[in-house]
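Have a look at the structure below before the remarks.
The values are calculated or read from the model by the stated rules, or taken from the named source; none is laboratory data. Quantities reported herein were computed from a predicted structural model and do not represent experimental measurements. No Cβ is skipped: glycine too gets one built from the backbone with ideal geometry, and neighbour counts run over all protein chains shown. Please note that ligands, DNA and RNA were not included when accessible areas were found on the heavy atoms of the full protein model with its side chains. Shrake-Rupley method; radii C 1.70, N 1.55, O 1.52, S 1.80 Å.
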Amino acid sequence: MSRWLGQPSVKGSSEASRMALLTLSTIGITFVWGVEQTYCTPYLLSLGLTKSKTSLVWIAGPLSGLIVQPIVGTLADRSTSRWGRRRIIILTGAVISAMFLLLLGFTEDIVGFFVEDKKSVQHFTISAAVFAIYAVDFSINAVMSAARSLVVDTLPIEKQQTGSAWGSRMSAIGHGIAFATGAVDLPSLFGKSLGETQFKQLTVLAALGLVGTCGVTCWAVTERVLLSTPSKSNEGGLQQVASHIWSTVLHLPPRIRAICMAQFWAWIGWFPFMFYSTTWIGETYFRYDAPHDVKQSKDALGEVGRAGSKAFIIYSLITFFGSWFLPLVIKSPDDESYTQRPPESIKGIVEKFNKYKPDLLTAWMWAHATFATAMLFAPFARSFKFAAVLVCICGLPWNIASWAPHAFLGIEVNKLNSGGGSYRRLSNASVEMEDIKSDLPNKSILHLEHGPNSTHTTTKSSSAGAPSGVYFGILNIYTTIPQFIGTIISTIVFSILEPGKSPELAHGAHPDEHHRTDGPNGVAVCLFIGALSAIAAVFATRRLKSM
């Protein structure tokens, strides 16, 4: 039987402030992802890598997700740290990620300080940049896994959709900040105080933002402390953890498996969009719209990044407003007796719409279909404006794609835990962590047994004691395997269509080494293939309706 101390709570005087503090770390996480999404592919191309080799570098994302999130989630589920199970991982991972972000931004300076030979500098710069990307991806995945589980652990079942929606809002804000700062000429704004190039200054801001937002979330949240776990849970080491994850994958509840399969097909489509779309927009701008002086710019990386960021500013505004609007007009997937209260200014309109509004499952299906429709047109984009419109159409589908699977999974985890734990609303006051010393038996200790024989039974509960970490880690496996598939597809496509170095970015390469630009854009073809997978995701999601 597991033994627990205290109750999870969040500082704040209102539900909105508590939800904001609980999910604030998402801003820092998505800021990092936004910078990586916007600038890292052009950065690697500017160093002289071909697109096919760059696509192999991005195997870091799925590899880190496949390895880190399930293992970190499982280990965190069993952690008996006095600081709780999630916060220590969030803060430690944020600091490590920030360090390697700075290494990524200042790679050329750091390598140049130790190496003098120009050819060796380029070789070591590429190696160090790739290493830094892997390190950032591994550490940020640990932060993301713990942050998501922290939300599930802290909130009761009927607040899971609200918590997931707040996470989506914070994600939109983080991306918006990343794209807005990416579109601004930072060196002209800050001078050289944070570095002399756009990319260097972005990595500094992303590092500070990540540590700051994660620090605030860890300060604001008090976790329930696990004192001891059943003896079986403590047996074995990493091999036992891996065995437990594999066993859980093989015996997933049907609805959780269906959620994972829908995520699998969807992410074959979303992977090239997330990692290559800003590069695609920048290349489209350079090839069809850019004036001559822009094409000859010394900071081509900054020009491509700013072009992509301009389109994604509109995209992020759409996702931001969608993250507030969509939860009001989409039916809650959990308890039918719970209805979210809209603001008074639009209460009448929303209540009239309530009987006609779609449920989240239907909205998820339409999100797949809308994304697929937009990306089917990607190979036909011959202007910056048309490419930007296609990207912006995907804003609301991304809102739902980043919200629906985690909302559904949070509900399913809570249902699995409905036989144990006690229902608790978030406290209106801050709660300080009790000292855990040798006199623990005299403290207020909660004994929870999560299973059918539990003596503490109630119909509504938070999942503070449920193995949410391992389930969210498994969902991430179904998110990352498609990224391996997407990497293989993009490598093949780039090798066939664009086998040379980038003519827009690799100015140091000989013209004979550049790939041709008169054929189909390789990224656009990858987006088209992703659209076909999104169509399969529509049918995979539809299966949930019959379960």
>> Among (1) surrounded by 24 or more Cβ atoms within 10 Å (Cβ to Cβ); (2) over 30 Å from Gly308 (Cα atoms), there is one condition Gly61 misses while meeting the rest; what is its number?
In response: (2)
> Among the listed residues Phe113, Phe131, Phe124, Phe138, which satisfies the condition of being within 15 Å of the chain's Cα centre (by Cα) and open to solvent by 50 Å² or more (accessible area, probe 1.4 Å)?
Replying inline: Phe138
>> Looking only at helices (runs of 4 or more DSSP H) that lie completely in the stretch 359-468, which have at least 1 residues being modelled with pLDDT of 50 or more and of a type in the set (Asp, Glu)?
In response: 395-416
> In the list Leu103, Leu66, Leu21, Leu44, which residue meets the criterion of being aliphatic (A, V, I, L, M), modelled with pLDDT of 85 or more, within 27 Å of Ile481 (Cβ to Cβ) and touching a helix residue (DSSP H, G or I) at 6+ places or on another chain (Cβ under 6 Å)?
Replying inline: Leu44
> Quick check: anything in the stretch 68-89 within 19 Å of Phe131 (Cβ to Cβ), surrounded by 17 or more Cβ atoms within 10 Å (Cβ to Cβ) and either aliphatic (A, V, I, L, M) or free of Cβ contacts under 8 Å to residues at least 24 places away in the same chain (or both)?
Replying inline: yes
> If you go through the stretch 158-165 one residue at a time, do you hit one that is part of a helix (DSSP H, G or I) and acidic (Asp, Glu)?
Replying inline: yes
> If you check Val57, Val10, which single one turns out to be modelled with pLDDT under 95, among the aliphatic types (A, V, I, L, M) and under 20 Å from the mean Cα position of the chain (by Cα)?
Replying inline: Val57
> Name the residues in the stretch 183-198 that are open to solvent by 10 Å² or more (accessible area, probe 1.4 Å) and not hydroxyl-bearing (Ser, Thr, Tyr), would you?
Replying inline: Ala183, Val184, Asp185, Pro187, Leu189, Phe190, Gly191, Lys192, Leu194, Glu196
> Of the residues in the stretch 185-209, how many are touching a Lys or Arg at 6+ places or on another chain (Cβ under 8 Å) and among the hydrophobic types (A, V, I, L, M, F, W, C)?
Replying inline: 1
>> Being open to solvent by 70 Å² or more (accessible area, probe 1.4 Å) and touching a residue at least 24 places away in the same chain (Cβ under 8 Å) is the filter here; which residues of the stretch 387-399 pass it?
In response: Leu396
> Can you tell me how many residues in the stretch 91-134 are under 21 Å from Ile27 (Cβ atoms) and among the basic types (Lys, Arg)?
Replying inline: 0
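Conditions (1) touching a Lys or Arg at 6+ places or on another chain (Cβ under 9 Å); (2) of a type in the set (S, T, N, Q), marked per residue:
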| residue | (1), (2) |
| --- | --- |
| Thr74 | no, yes |
| Leu101 | no, no |
| Ala128 | no, no |
| Ala132 | no, no |
| Phe138 | no, no |
| Pro156 | yes, no |
>> Quick check on this structure: which one of Ala207, Ala180 is among the hydrophobic types (A, V, I, L, M, F, W, C), buried (at least 21 other Cβ atoms within 10 Å of the Cβ) and either modelled with pLDDT of 85 or more or closer than 20 Å to Ala404 by Cβ (or both)?
In response: Ala207
>> Criterion first (modelled with pLDDT of 75 or more, in contact with a helix residue (DSSP H, G or I) (Cβ under 6 Å, 6 or more places away or on another chain) and not β-branched (Val, Ile, Thr)) does Phe320 satisfy it?
In response: yes
